[in-house]
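Let me begin by presenting the structure, written as structure tokens, before commenting on it.
The values are calculated or read from the model by the stated rules, or taken from the named source; none is laboratory data. Since the structure is predicted, the reported quantities are computational estimates derived from the model, not experimental observations. As a convention, Cβ positions derive from the backbone with ideal geometry for all residues, glycine included, and neighbour counts pool all protein chains shown. Only protein heavy atoms, including side chains, enter the accessible area calculation; ligands, DNA and RNA are left aside. Shrake-Rupley method; radii C 1.70, N 1.55, O 1.52, S 1.80 Å.
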Amino acid sequence: MNDIAKRITLAGWDERYAELRAAGLDEPDYGGPLRRHVEDGDLRLLKLQMDNSAASLRLWNFLLTEEQRLHQARAEGKKIVGAMKDLGTVPVMAYSLGNVVAFYPDGAWWIPCVMQCSDHLLEVADLLGIDDSFCPVRAMLGAFVTGAHFPIPGLLTCSVGAICDDLSAIAQRLESLGFPIMWWEVPHRRHPEPSEASVTLPGNFPAPASQVALVRSELQRVRQALETFASQQLTEQRLSAGIARANQVRRRLGELRQLAYRAEPCPLPALEMLIAEMLALHFCSDQNETVEVLDELLEETKKRILAGTGVLAADAVRVFWVNPVADLRVMNMLEDAGGRVCGTEYLFCHALDPIPEDTPPMEALARMVLADPMVGSAADRARRICHDIDEFQSEALVISRIPGASHCAMEGAIIGDIVRSKTGIPVLEIEVPPITDSMEPTLRTRLEALIETVRNRRQQ
Ligand code: SF4
């Protein structure tokens, strides 16, 4: 069997799948050829280049069967929690209970891309008064109203306060349509006054102890709502065990990021790394399987590093990427232009940091909530990005704006200025809608220009 690491198209995957099967590939129950997802409507796969390993096949199949997994969980009598916005906290609490599955309805963000808008979720949102002046998370509204994707959760939570206007408005519209929401508040993280008691959060952000206490009391309300919903007590022991399980995922992701973003040549493409990082948020609705999927990716990555092989040229330009792309294809575009992703801040870096285990569990979770990069200032976010650029020795920064996103109006300029002045690396800001086909030449040219700039700098 030809085991050379490379990125392949879906047609390439048809052949590769047959080859792997013939060689005795052992798959989980959600396994199978990637082609079947296209037949189910995931048309964007036809335009992507994907990694050719069995580990990546498992990752893609895991991602693309999440809706089925949620429906199956409902059929098995499990309780379904829909967590909105907090990115990485409520699912840790929910998975600490038995018989509960949590997911992010906000993940519908990517449905218009993956289905190439054939699902018409954005049009449904338009009809509900949420037009394209909002970010693509408005697809969530369409998914709730049509009921054509995830099962409607029995409990919906949403963090409010220091969150984007988009999700805040869309969640309120959702509630007005008859989907009750348990709201909980997160204050805007501020720097402690000199005389004020303070706490150092994961990610090294300082915060006033009083703000941590406020979030802890809000999370206590979430805890009570989960207990009532699941008819179980969410004890300290259960929470501690749940945090330890979440950290198993986070530690594996930490190791994978270190390997994939440092090794030369690049052992795992940006697209698969983006999907892997997203598993930190709600474990793609199966926490145990997430660990297995990550273990296989780690094994493949280590194997490639040991063999000195990779998917891109050894001199690929090392790019730090800020914000998730609404169109997954753009991650391919960067690599086609001669770049590779070395460091990311996809709006949820706090969900990759281990949750403190030497602290009472509710305090630890409250600290994590306040470590969310979107809860503080853009300048704080930029400082963490500078730190990570240094760690991964990134040579350029791409800030990928999200169309309509309220936070994207100004933050790119602030982050770009701070990164330029502190690191001196070139910065490119682009806007990525759910489908980029019509603007591909422009995007490609801009990415190529960035890569060329770095190559010229290398020669100086
Ligand atoms: S505006 Fe940004 S933070 Fe808010 S939902 Fe959209 S992508 Fe997420």
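Side notes on the structure shown:
- Estimated D of the range 90-220 in µm² per second, where Rh is the Kirkwood radius over Cα pairs and Stokes-Einstein applies at 10 °C, 1.306 mPa s: 95 µm²/s
- Here's how it looks for GLU431: its modeled amide H is under 5 Å from those of ARG401, which are all 5 or more places away or on a different chain.
- Residue list for the range 213-240, given a label point 7 angstrom along the Cα-to-Cβ vector of VAL291 and an amide N cut-off under 18 Å: 237-240
- Scaled to the globular estimate 2.2 N^0.38 Å, the Cα spread of the range 144-293, given as radius of gyration, is 1.27.
- Whole-angstrom gap from the range 171-237 to the range 62-118, using each part's C-alpha centre: 20 Å
- Average accessible area per residue (Å²) across the chain - probe 1.4 Å, nucleic acids and ligands excluded: 38 Å²
- Shape category assigned to the range 209-258 from the gyration tensor of Cα positions, a/c cut at 1.5: oblate
- Linear extension gain, LYS422 paired with ALA409, 0.36 nm per residue minus alpha-carbon span: 2.5 nm
- Helices assigned as whole DSSP H runs in the chain whose Cα atoms extend at least 24 Å along their own long axis and whose mean Kyte-Doolittle hydropathy is 0.0 or higher are found at 209-230.
- Radius ratio Rg over Rh of the range 1-77, counting only Cα atoms, Kirkwood formula for Rh: 1.00
- Projected-area average for the chain over all orientations - Cα convex hull basis, square nanometres: 21.4 nm²
- Computed with a 1.4 Å probe over protein heavy atoms only, the accessible area of SER198 comes to about 70 Å².
- Reciprocal mean inverse distance between Cα atoms of the range 1-136 - Kirkwood radius, Å: 17.2 Å
- Solvent exposure, largest accessible area first (probe 1.4 Å, DNA, RNA and ligands not counted), of TRP109, TRP184: TRP109, TRP184
- Between VAL186 and VAL160, GLY161, ALA162, the built amide H atoms are under 5 Å apart, and every one of these is 5 or more places off in sequence or on another chain.
- Every Cα-Cα pair in the range 245-386 was counted, and those over 24 Å apart are 34% of them.
- Between ASP437 and GLU76, the simple label model (points 7 Å from Cα in the Cβ direction) yields a spacing of 3.8 nm.
- Surface share of carbon and sulfur [accessible, 1.4 angstrom probe, percent] for the chain: 51 percent
- Computed accessible area, LEU259, all protein chains, 1.4 angstrom probe, square angstrom: 50 Å²
- Whether the range 373-450 is rounded, prolate or oblate, judged on the alpha carbon gyration tensor where a/c under 1.5 counts as rounded: oblate
- For the chain, the 222 nm mean residue ellipticity estimated from helices alone, with every DSSP H stretch of n ≥ 4 adding -39500 (n - 2.57) and the total spread over all residues, rounds to -15000 deg cm²/dmol.
- The local environment of PRO354, defined by Cβ-Cβ distances under 10 Å, has a net charge of 0 under the rule Lys, Arg +1 and Asp, Glu -1.
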